[in-house]
Each structure stands twice: as structure tokens, then as C-alpha cells.
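S.K.: Starting off with a structure, shown below.
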Amino acid sequence: MRKLRNLLSKNVSLTEGSIYESIILFAIPLVLTNFLQQLYNTADLMIVGRFAGARPMAAVGATGPISTLLIGMFLGLTTGAGVIISMYFGSDDYKGLQKSVECAYFIAIISGLIIAISGAATTPFLLKILKTPDDIMKDAENYMRIFFLGALPLLIYSMGASISISTGDSRRPFNFLLIAAMVNVVLDLIFVGLLKMSVIGAGIATFCAQSVSAILVTLNLTGSDQAFRLRLKKISYKKEEANKIFAIGIPTGLQASLISFTNVLIQVKVNSFGSNVIAGVAAESRIDGFIFTTLQAVALAATTFAGQNFGAKKFDRIKEGVKVSTIITLGLAGFLSILAIVFSRKLISAFNPNEEVVEVGARMLRILCYSIWAFGLSENLCAFIRGAGEAMAPMVISFVGLCFLRMAFIYLPLPNWDNINILFWSYPVSYAGNLLMTWIYYKYGKWRKKVQA
């Protein structure tokens, strides 16, 4: 416990000490942070489903893929900034560290404004592309517009949290998000449960919560006495630092966007099965979101670990870190999969008790759990590849494995068989294919030249 308190009480270097302790203890707040982040939309969906019904719940769920598509590209830039900042931190280059922090915040602000304006303006068009059913179109449009307005605080928090995490502080981003999550749930209960504002209330609650987290993370960075302190007057575009961030962030963002685009195409198929199926799939996505974000938190810890050690040129430590994080990932994936399979129906029914909703959601969850380990291992290997400054190959691999393969599996047989199970099974198939290609590149790819001792 003393080591845990020490690790979480300050910005720490992951270039020294036990690798197991470094990754596990650093990942704990990240797991909790991602858990709370997932709680945002989950609280919206659950409270809307309970107090407003299946159709408003379906409206909230139907907006998820397209919202993630537009935001995913820009969130990739926070990953790029995190890798660059962790390298500067590991190499004790404080001048580069400060310049990259100031540039990263500028990128976050501009990105948030772009998403807010373009997303809100194109909402009706985007929902029509999704073939959103008429009976949920109005609710989906209202929720989606409010969601996009919250893109600015969302990007600011994400960038601020990335800066903190890459410099060895995974505790404070969790604390800030904990406060924001409580704000979100309380306002959801007030606006949706008490005032009967349905999806509009849920959207406003999320916007308020995101604003709280953005303010808190910014105050933390501006009040720091470390070399990475954020100086508001110095926030600006810095070409050299921006190019480094873009070199990693753009491929990572494109990867996220391509996967999200695939999910948009899948959502089109889901929408053709009616509002109960939409609601069931939406509920399942919130449950599996907790599982996937937990594994992604371990991958984020691995990315920070790799970035700091790459900056410090401790390549043997990076190689050992791969083995440690792989063991952690497999253990977590197995444990979470068993829990989800055993309690699948109870978990889905917490969102909506409708029997068809529960049956569809539980079936999809059980099928996905067969391949969660493959997803986790792919993320883990990609974390070390990105941490060494290589982001293009993971993007290409994800396009082939998670996008092309999944779409081929769905769109070739589904028009003839019209069976929702085909859509569900596309996930295990694509995760397995993606892992195989990722492992081949990890084992034989050019990135390995960067970490040869």
C-alpha cells in the first residue's frame, strides 16, 4: 500500500524499479479513469432507458458510432501528444517538454471547436446516412447536437489527462473524472428522472460533466510547479512539436476513425432490425465498453512505459515490459470475460427489462467475450510499437483486420441470410485476424530496429 500511495502521490518515472509494479500500479488509476469515462454514456443510456423508455434509449444508442467517428480522429492526437511528451519526460528534455505541452493544448482547443461546429451543423445529414428509424430520429438529433457541443471540453480534458499521464501522474485525471462522473449521474437523475427532459436532459448532463473535468485538469496543469506547467499565454501552434505529434497522432486517429466508420456501417445494419434490437445492441456496447476500456487502460500504461523508456534509451526494459503487460492483459481479459458471460442477462436488463432487448444484448455480449483476449493482446502489442514512435503500421493493420475483414464478413452473407448473429460473430473473427497480423509485424516489423540495444 505504501508503494501504491507513493506512486499515485506524484509524477513518477517508469524507467526505474520493478516493471510489474510500475505497469500495474500506474495502470490502476487509468483503469478507473476509463471506467468512469465509460460511465458517462452508460449513465445516460441506463437512466434514459429506465425513465423515458426503449425508443429514447435507442435514440441515445444510435448516435454512438457516428459521434465516435468524428471525435476519434482528434482523440488520436492526444495519443500522439502523450507519446512525444513521455519521450521528452524520459530523456529529461524539459525545454521540448514545455513546448510540446503548450502546442498540445492549442491542438486540443482547435480540434474541439472544429468538431463542435461541424458536428452540430451536419447532425440531421449524419443520422439520415445511418438510416435512423423515423420513430427515434427527433430524439437522436437532439441528443447528438448537444453531444457535439461538448466536444471542446471533451478534447481539452482528454489532452490535459494525456499530458498528466505521460509525465507519470495517472491519479489526478482519475480524481477529476470521478467528480465529473458524479455530476453527470446527479444531473441525469434530475433532468431525466425528475424533470422528464428525456434525451435533451441526458445531453445537457453530459455537457456539464465534461466541462467540469476540462476545467479541473486545466487548473491542475496551470498550477503545477513542474517543467510541464501549462502557461496559458504561451499556448500556440509550434510547427516542430506539432509535426511530431501529428506523425503519431494522425495515424492513430485515422485508425480510431476507420474502426468507428466500420461501426457506423454496422449501425446501419443494426438499425434495419428495429428499435428493440437497436436498444439491445446499445446496452451491450456500454457493457463491453467497460471491458475494452479496461484493456485499453493497460495498453495506455504500456504506451507511457514504452515512451519514457524509449526516451531514456532503456531498450532491454522495454522488451521485458512487453512480457509483463502481456501476462496482465491475458489475466484481465479472462476474468472480465467470465464475469460478463455469467451475468450477461442481468447486466443488459439493468438498462431495459424488455425481453427482446435483453435477449439480443446478452447474446451479443456472450459472443464478443470469446475474443476479448485477442483484442487485448493486439492493443498491448500496438502500445509498445507506438511507444517507440511507430504509428503507421498499427493503422494499416487495423484497417485490414478490424475494418475490411469485418465488413466482408458482414456484408457478403447478411443480405441473403438476414441474421443478426452474423453481425455479432464478425467481431471475434476480425479480432483474431487483427491479432495475427499485429503479432507478425511486432515480431518482424521495422519498428524493432528502434529498440535494438
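A short reminder: the numbers here are calculations on the coordinates, not readings from a lab. Note that the structure is predicted; figures quoted are calculated from it, not measured. As a convention, Cβ positions derive from the backbone with ideal geometry for all residues, glycine included, and neighbour counts pool all protein chains shown.
S.K.: Near residue 100, within a Cβ-to-Cβ distance under 15 Å, what is the net charge of the other residues, with Lys and Arg +1 and Asp and Glu -1? Working shown, then result.
M.R.: Details: positive: 95, 99, 229, 231, 234, 238, 239, 244; negative: 92, 93, 102, 240, 241.
It works out to a net charge of +3.
S.K.: Set the bar at 31 Å for Cα to Cα. Now go through 138/239; 238/313; 196/233; 131/244 and name every pair that lies beyond it.
M.R.: Checking Cα-Cα distances, 138/239; 196/233; 131/244 exceed 31 Å.
S.K.: Quickly work out the residue 443-to-residue 419 label distance, labels modelled 7 Å from Cα along the C-beta direction, and quote it in nm with one decimal.
M.R.: Spacing of the two 7 Å Cα→Cβ label points: 3.3 nm.
S.K.: Here's a follow-up. Post the alpha-carbon centroid distance, region 283-340 to region 90-111, in whole angstrom.
M.R.: Region 283-340 and region 90-111 have Cα centres separated by 25 Å.
S.K.: Something else: Please report, to two decimal places, log10 I(q)/I(0) for region 295-407 at q = 0.11, 0.15, 0.23 Å⁻¹ as given by the Debye formula with identical point scatterers on the Cα atoms and no solvent.
M.R.: -0.47, -0.75, -1.15
S.K.: What would the Debye formula give as log10 I(q)/I(0) at q = 0.06, 0.07 Å⁻¹ for the alpha-carbon point model of the chain, no solvent?
M.R.: The calculated log intensity ratios at q = 0.06, 0.07 Å⁻¹ are -0.24, -0.32.
S.K.: Report the net charge of residues surrounding residue 314, where surrounding means a beta-carbon distance below 11 angstrom and charges are Lys +1, Arg +1, Asp -1, Glu -1.
M.R.: Details: positive: 313, 317, 319; negative: 16, 316, 320.
For residues surrounding residue 314, the net value is 0.
S.K.: Given the peptides 301-307, 388-394, arrange them by the average over their residues of other C-beta atoms within 10 Å, most packed first.
M.R.: Top of the packing list down: 301-307, 388-394.
S.K.: Angle, helix 355-369 long axis vs. longest principal axis of the chain, Cα atoms, 0 to 90°, nearest 10?
M.R.: The angle comes out near 30 degrees.
S.K.: Hey, got the dipole for the chain? About the Cα centre, +1 on K and R Cβ, -1 on D and E Cβ, debye to the nearest 20?
M.R.: Working: 40 positive and 25 negative charges, 233 e Å.
The calculation lands at about 1120 debye.
S.K.: Place a point 7 Å from the Cα of residue 118 along the Cα-to-Cβ direction; which residues of region 68-104 have their backbone N under 15 Å from it?
M.R.: Once the point is set 7 Å along Cα→Cβ of residue 118, 68-77 turn out to lie under 15 Å by backbone N, inside region 68-104.
S.K.: Go through 239-247, 137-145, 353-361 and give me the packing order, highest mean Cβ count within 10 Å leading.
M.R.: 137-145, 353-361, 239-247
S.K.: Which of the peptides 220-233, 427-440, 273-286, 79-92 is most tightly packed, and how do the rest follow, judged by the mean count of other Cβ atoms within 10 Å per residue? All intermediate terms of the calculation are to be shown ahead of the outcome.
M.R.: Values: 220-233: 14.4, 427-440: 19.9, 273-286: 24.4, 79-92: 26.0.
In descending order of packing, they fall as 79-92, 273-286, 427-440, 220-233.
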